[in-house]
1. Counting just the residues of the stretch 15-25 that are at pLDDT 95 or above and surrounded by fewer than 13 Cβ atoms within 10 Å (Cβ to Cβ), which one comes out nearest to ALA99 (Cα to Cα)?
2. Within the stretch 26-41, does at least one residue satisfy the condition of being loosely packed, with under 13 Cβ neighbours inside 10 Å, at pLDDT below 90 and over 11 Å from the mean Cα position of the chain (by Cα)?
3. Can you pull out every residue in the stretch 42-53 that is assigned to a helix (DSSP H, G or I) and surrounded by fewer than 14 Cβ atoms within 10 Å (Cβ to Cβ)?
4. Can you give me the number of residues within the stretch 74-85 that are closer than 27 Å to ASN44 by Cβ and within 12 Å of the chain's Cα centre (by Cα)?
5. Within the stretch 92-100, does at least one residue satisfy the condition of being aliphatic (A, V, I, L, M) and out of contact with any Cys (no Cβ under 8 Å at 6 or more places or on another chain)?
6. For ARG56, all conditions in the list (1) of a type in the set (Lys, Arg); (2) assigned to a loop (DSSP other than H, G, I, E, B); (3) at pLDDT 95 or above hold save one; what is the number of the exception?
7. Quick check, is ALA99 among the hydrophobic types (A, V, I, L, M, F, W, C), part of a helix (DSSP H, G or I) and surrounded by 13 or more Cβ atoms within 10 Å (Cβ to Cβ)?
Amino acid sequence: MFDELTAICGPSCAGYPAYIATLNHDREGLSRIATEWTQALKRNFTPDDIICDGCRVPGGRRSAYWATCDIRNCAQSKGHITCAHCAACPCEKIVAPLARECLADLKKSLPDVR
């Protein structure tokens, strides 16, 4: 399904831990995710940096990572709503198996992508 909770990289934000913790006002969850992101991305994140209503939700709050996300920046620079709207998808930027799977499914539902 494609809606405003479909992330630029394909998966639905509805199942994404940062979105769920934001929605539930779960400070412990946001703190745990901040620690995970800090370790994985080698950049310091606080619980407030994790708050996210979805990367495509109009007027939504965005995580601190959103502005520097290579995947989002690439899609935006090409004028695409999601990576699935790009003829080069999936490219080397899409490494997460879930994202690759979701984008393949989404791409099937779109008119010809060039």
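The values are calculated or read from the model by the stated rules, or taken from the named source; none is laboratory data. All values derive from a computational prediction rather than experimental measurement. Neighbour counts run over all protein chains shown; Cβ positions are idealised from the backbone, glycine included.
1. By that ranking, first place goes to ASN24.
2. yes
3. If the condition is that a residue be assigned to a helix (DSSP H, G or I) and surrounded by fewer than 14 Cβ atoms within 10 Å (Cβ to Cβ), then ASP48 is the only one that fits.
4. Qualifying residue count for the region: 1.
5. So far as the stretch 92-100 goes, yes, one or more of its residues are aliphatic (A, V, I, L, M) and out of contact with any Cys (no Cβ under 8 Å at 6 or more places or on another chain).
6. (3)
7. Yes; evaluated as a whole, the condition is true for this residue.
Conditions tested, residue by residue: (1) more than 14 Å from the chain's Cα centre (by Cα); (2) crowded, with 18+ Cβ neighbours inside 10 Å; (3) part of a helix (DSSP H, G or I).
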| residue | (1), (2), (3) |
| --- | --- |
| ALA67 | no, no, yes |
| ARG72 | no, yes, yes |
| ALA87 | yes, no, no |
| VAL95 | no, no, no |
| ASP105 | yes, no, yes |
| PRO111 | yes, no, no |
